[in-house]
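Here the structure is laid out as structure tokens; the discussion comes afterwards.
The values are calculated or read from the model by the stated rules, or taken from the named source; none is laboratory data. The structure displayed is predicted, hence computed values, not measured ones. Backbone-built Cβ (ideal geometry, glycine too); neighbour counts: all protein chains shown.
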Amino acid sequence: MRQLMAIGTLDLPVVCGQRHFYTVRRGEQRQPVLYVRDRVDGPDRALLDPAHDLAQGSTALDWWYPSPDGQLLAYGASGHGDERSTLFVLGVASGKRLPDTIPHTRYCSLAWQPDGTGFYYTRFPAAGEVPADEQDYHQHVYYHRLGDDWPNDLRWFGAGRDMTEQVMVQLSPNGRWLIISAFVSDVQSAIYVCDLASPSANFMPITASIAALFSAEVNGDHLYLLTSYQAPRYRILALDLFQPSLQNWREIIPQRTDCTIRDFCIVGATLIVEELHNACSQVRAYSLGGEEHGVIDLPSLGAVTALGGA
């Protein structure tokens, strides 16, 4: 096991502005180090090393989200393996923390505003806000403006809902559409959308009444859904966010009998789709309308663990 673990890991880069962020664990390092390149062909720079930057290795880097321009980094750190993250914000160029600190951000999902002035994020209740046996439930969505005190952050989603829901948050690149994915169980999730340009700013339930799993990507004013709805091997649907009712949904990539669709992302005007064929990953490119562009060559048989692009 020690020899196998010493192989190390390299995670998928996240591209924000001109910067590329990614984690690497080499040899017998206990935890991955977060690196950044200031340009694609530039040198690697260690941005956060848990062994040196986060309390001599007793603190773990749990999650991280760069701002769209790559100037700031929100990240979660926890001590002694408890995974009860505290959120911090780091200036990427300076390597210095901003004053913003938010506790109770275990398993945080976070979406930055396009201009980097704030973000939507998930957090759990503080001690005393709920009964002690519910402390690990009630994950809600809040908005934090940089420089504000976190107890004053406005709650956007979660009040009065099933306390066991696990919530993820996304924001469209233009900052208009706030997408909430609420996981009710292992076989059902619900998608809600809020038009932030609307005076009412209410959430529309897109899939709340459908007993199936959904994952979402937004492109312009259209939402793309990977779903098990009427498709146990999964398919990809699209809908116009101004006409989101079920009768207006369009099937972009149908379910196939020879594979299972496991993941997808949108890169420019292309759908990149990971499919599982005979226990091995295959990656295909499609137009946003579902026209197949072909298979992307992979170096060998294996499993694709993440998709992304810019």
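Does the range 70-79 contain any residue that is among the hydrophobic types (A, V, I, L, M, F, W, C), over 20 Å from GLY309 (Cβ atoms), surrounded by fewer than 16 Cβ atoms within 10 Å (Cβ to Cβ) and touching a residue at least 12 places away in the same chain (Cβ under 8 Å)?
No - not one qualifying residue is present in the range 70-79.
Report the residue count in the range 32-75 for those that are basic (Lys, Arg) and in a strand (DSSP E or B).
Residues in the range 32-75 being basic (Lys, Arg) and in a strand (DSSP E or B): 2 in total.
Determine if the range 142-149 includes at least one residue that is more than 20 Å from the chain's Cα centre (by Cα), more than 30 Å from LEU98 (Cα to Cα) and of a type outside the set (D, E, K, R).
Within the range 142-149, none of the residues are more than 20 Å from the chain's Cα centre (by Cα), more than 30 Å from LEU98 (Cα to Cα) and of a type outside the set (D, E, K, R).
For the range 80-131, enumerate the residues that are of a type in the set (Val, Ile, Thr) and closer than 16 Å to TRP150 by Cβ.
THR86, VAL89, THR101, ILE102, THR105, THR117, THR122
Which residue pairs have Cβ atoms closer than 8 Å, lie 6 or more positions apart in sequence or on different chains, and pair a first residue in the range 3-20 that is under 15 Å from LEU307 (Cα atoms) and without any contact (Cβ under 8 Å) to a residue 40 or more places away in the chain with a second residue that is surrounded by 12 or more Cβ atoms within 10 Å (Cβ to Cβ) and among the β-branched types (Val, Ile, Thr)?
The qualifying pairs are LEU10/THR23; LEU10/VAL24; HIS20/VAL14; HIS20/VAL36.
Kindly evaluate CYS259 against the criterion of being touching a residue at least 24 places away in the same chain (Cβ under 8 Å), farther than 19 Å from ALA211 by Cα and of a type outside the set (A, V, I, L, M).
It is true that CYS259 is touching a residue at least 24 places away in the same chain (Cβ under 8 Å), farther than 19 Å from ALA211 by Cα and of a type outside the set (A, V, I, L, M).
Does the range 141-169 hold any residues that are more than 11 Å from TYR120 (Cβ to Cβ), surrounded by 13 or more Cβ atoms within 10 Å (Cβ to Cβ) and not charged (D, E, K, R), and which are they?
LEU146, TRP150, GLY158, MET163, THR164, GLN166 - these are the residues of the range 141-169 that are more than 11 Å from TYR120 (Cβ to Cβ), surrounded by 13 or more Cβ atoms within 10 Å (Cβ to Cβ) and not charged (D, E, K, R).
Per-residue answers, yes or no, for (1) modelled with pLDDT under 95; (2) more than 22 Å from the chain's Cα centre (by Cα):
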| site | (1), (2) |
| --- | --- |
| HIS20 | no, no |
| LEU34 | no, no |
| ASP41 | yes, yes |
| ALA51 | yes, yes |
| ALA55 | yes, yes |
| TRP64 | no, no |
| ASP69 | no, no |
| THR86 | no, no |
| LYS96 | no, yes |
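Here are some conditions: (1) surrounded by 13 or more Cβ atoms within 10 Å (Cβ to Cβ); (2) assigned to a loop (DSSP other than H, G, I, E, B). ASP100 meets all but one. Which one does it not meet?
(2)
Being on the phi > 0 side of the Ramachandran plot and either in contact (Cβ under 8 Å) with a residue 40 or more places away in the chain or surrounded by 12 or more Cβ atoms within 10 Å (Cβ to Cβ) (or both) is the filter here, so list the residues in the range 175-205 that pass it.
GLY175
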